[in-house]
Amino acid sequence: MDNKAKAPPPTNEERQAMGTVQAIHDVYGEIIRLAAILKDNSCPMEHRNDAKHALSHASERLCNLMALSHYQLDNLPKHAVHESLTKELDEFRGRLVGLGSKLVVEKLEKLDKRAEAVLQEKDYPIGLSGKLEVAYANLMDNLGVLGGPTALGEKVSDLVAKTDADIKSLGEMEQKIGALGEIRSGKKGGR
């Protein structure tokens, strides 16, 4: 007779968490395939451009899946399934840092350049700061999955701080312009 107790079947929550981890592996495989296309100089430029865009979307999906898996694990009881998935995700995060950080930093640099250019030109498109804030928040979520800005070095931390400050300055300018517009329209209406 076997004295070992059989492990209970996984709960629905555990199966969902395992499915998320499997999806992470699938998307990571897609990212590796797309990265190989980008490195292949014999591949037509059109295919490489398509791969670059697909890689950007896949990296966002991967970060979203990583965030979801952490949420799921935080809500699982701490036993064998939880420990196994946590260990797997920690190992996986190590592989992602180099790959994902480059893409996130590139997007962060683009956001900062856009905000900085608008601030320097003093031509403030109304609503731009809101769009940049949403994009920035998404990037911060992605950076959080990768271990946070400090895990990627001082330059990234400085870039995060500068981008945050530029987007906030742009938002403040939009608010001032909006207030001036209301004052001006109020004066015209009173005549």
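The values are calculated or read from the model by the stated rules, or taken from the named source; none is laboratory data. Everything quoted here is computed from the prediction, not taken from an experiment. For neighbour counting, all protein chains shown are included, and Cβ atoms are generated from backbone atoms with ideal geometry for every residue, glycine included.
When you check LEU143 against the structure, is it farther than 19 Å from ALA17 by Cα and touching a Pro at 6+ places or on another chain (Cβ under 6 Å), yes or no? Full working, then the answer.
Values: farther than 19 Å from ALA17 by Cα: yes; touching a Pro at 6+ places or on another chain (Cβ under 6 Å): yes.
Here the answer is yes, as LEU143 does meet what is asked.
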Practice prompt. From LEU180, LEU170, grab the single residue that is modelled with pLDDT under 85, assigned to a helix (DSSP H, G or I) and either acidic (Asp, Glu) or more than 13 Å from the chain's Cα centre (by Cα) (or both).
Written response: LEU180
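Every residue, every condition in (1) closer than 29 Å to VAL81 by Cβ; (2) among the acidic types (Asp, Glu); (3) loosely packed, with under 11 Cβ neighbours inside 10 Å, yes or no:
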| residue | (1), (2), (3) |
| --- | --- |
| GLU14 | yes, yes, no |
| GLY19 | yes, no, no |
| GLY29 | yes, no, no |
| ILE37 | no, no, no |
| CYS43 | no, no, no |
| GLU46 | no, yes, yes |
| ASP50 | no, yes, no |
Response to the item:
Picking from ARG61, ARG15, ARG33, ARG48, the residue that is of a type in the set (Lys, Arg) and in contact (Cβ under 8 Å) with a residue 24 or more places away in the chain would be ARG61
Practice prompt. Would you be able to say whether some residue in region 86-99 is out of contact with any strand residue (DSSP E or B) (no Cβ under 7 Å at 6 or more places or on another chain), buried (at least 19 other Cβ atoms within 10 Å of the Cβ), modelled with pLDDT under 85 and farther than 12 Å from TYR28 by Cβ?
Written response: no
